[in-house]
Amino acid sequence: MNHVTDDYGRTVFAVGAPGSIERVKVERPKLIDRLNSLYFQAYDSPGRAVDEAVDMIRAAGIRSELETAAILKAAHYGEERKD
């Protein structure tokens, strides 16, 4: 079984293909937690701080559009708002 290091510095089992939603969930839990916090802080905002979320992803060193989309989907940005 392959292993990767997550953004908390822990060694975890690698799942899914690189750049997939399942892989970013195990590789980037800290970033996803920060994105979820941002999402809920901006919950009533029409754009829900999407620009800030993408900036946060870029600041983490992620440049791939595929991985960026997977991270946003793994966070609450991939959900529809239900009022």
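In the range 3-63, which trypsin sites (Lys or Arg not before Pro) fall in coil by DSSP and have 16 or fewer other Cβ atoms within 10 Å? Passing sites in the range 3-63 are R10, R63.
When the dipole is taken about the Cα centre of the range 3-78, and only Lys, Arg (+1) and Asp, Glu (-1) are charged at their Cβ, what size is it in debye, to the nearest 20?
Using only the charged Cβ atoms, the result is roughly 160 debye.
Would you please name the GluC sites (Glu not before Pro) within the range 12-81 that are DSSP coil residues with at most 12 other C-beta atoms within 10 Å of their C-beta?
E79, E80
Each of S20, S37 was scored by other Cβ atoms within 10 Å of its Cβ. Arranged with the fewest first, they read S37, S20. Out of every Cα-Cα pair that the range 3-78 contains, those further apart than 18 angstrom amount to 35 percent.
List the chymotrypsin sites (Phe, Trp or Tyr not before Pro) within the chain that DSSP assigns to loop and that have no more than 16 neighbouring Cβ atoms inside 10 Å.
Y8, Y43
Quick note: the coordinates plus some simple rules give every number you see, no bench work behind them. Owing to the predicted nature of the structure, the values given are computational and were not obtained by experimental measurement. So basically every Cβ, Gly included, is an ideal-geometry build from the backbone, and we count neighbours across all protein chains shown.
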